[in-house]
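What follows is a set of notes on a single structure, which appears directly below.
Every number in this text was worked out from the coordinates using simple rules, so none of it is lab data. Computed from a predicted structure; not experimentally measured. Please note: Cβ atoms are built from the backbone with ideal geometry, for glycine as well, and neighbour counts cover all protein chains shown.
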Amino acid sequence: MILKLLGALILIFATGNIGFTMARSLKRRVLLLSQLQGLLQFLVTEIDFAVTLLPEALIKVGESMGPEIDHFCQEVVSSLQLGLPLSIAWERSLSTLSDITSLSGDDTKPLKALAPVLGLSDRKDQLRHLKLAQEHLRQREVKAEQEANQNQKLWCYLGVLSGLVIVLILV
């Protein structure tokens, strides 16, 4: 009897943990979109005022952002050091970023649109594209926050309740 009770508690804990993990990933997505906006704002500042080279700017911003953004920036810089064109390095790093985080493909579309423009156009054109991508990311963040607010509790309850249902079925 005690073994059944222990098994039931472990099952409820495991499914509840899955639900809470899904809820956390929704909130993490909102934070990452905000950090990506910060990345673009930093690049706007560096290109417009400091006239810093892109690899140096990416290293600076990566150190001040979260680990995912830092990984993204480091990957772009290392790809550039290997001799890859900026557009390819940017796109590869974006696909890696979306693979290791909770960002969707739609979340990275504004950043993918920057790939052919960065480093190939004049300063004003780059700034215009960066600000446009930043605005698109802001809109994605608002949508992601609405989704997170709607679905966080759902995932938490779903995790715990699915464990309870499984326990009831097995008993």
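Select one label from (i) 57, 47, 25; (ii) 72, 33, 23; (iii) 46, 39, 25: the one whose number is Cα extents along the principal axes in Å as derived from the coordinates shown.
Answer label, from the structure shown: (ii).
If I fit a long axis through the Cα atoms of helix 54-64 and take the longest principal axis of the Cα atoms of the chain, what angle between them do I get, 0 to 90°, rounded to 10?
It is inclined by approximately 40 degrees.
Determine the dipole magnitude for the chain: charges of +1 sit on the beta-carbon of Lys and Arg, -1 on that of Asp and Glu, nothing else is charged, the reference point is the Cα centre, and the result goes in debye to the nearest 20.
The calculated dipole for the chain is roughly 560 debye.
So, in nm, how far is label Leu170 from label Cys156 when the simple model puts each one 7 Å beyond its Cα toward the Cβ?
2.5
Under the definition of Cα pairs under 8 Å and six or more residues apart, what whole-number percent is the relative contact order of the stretch 2-170?
Dividing the mean separation by the residue count of the stretch 2-170 yields 41 percent.
Please report how far the C-alpha centroid of the stretch 127-146 lies from that of the stretch 68-101, rounded to the nearest whole angstrom.
So the separation of the two Cα centres works out to 20 Å.
Ignoring everything except DSSP H segments at least 4 long, calculate the 222 nm mean residue ellipticity for the chain; use -39,500 (n - 2.57) per segment, divide by total residues, nearest 500.
-29000 deg cm²/dmol
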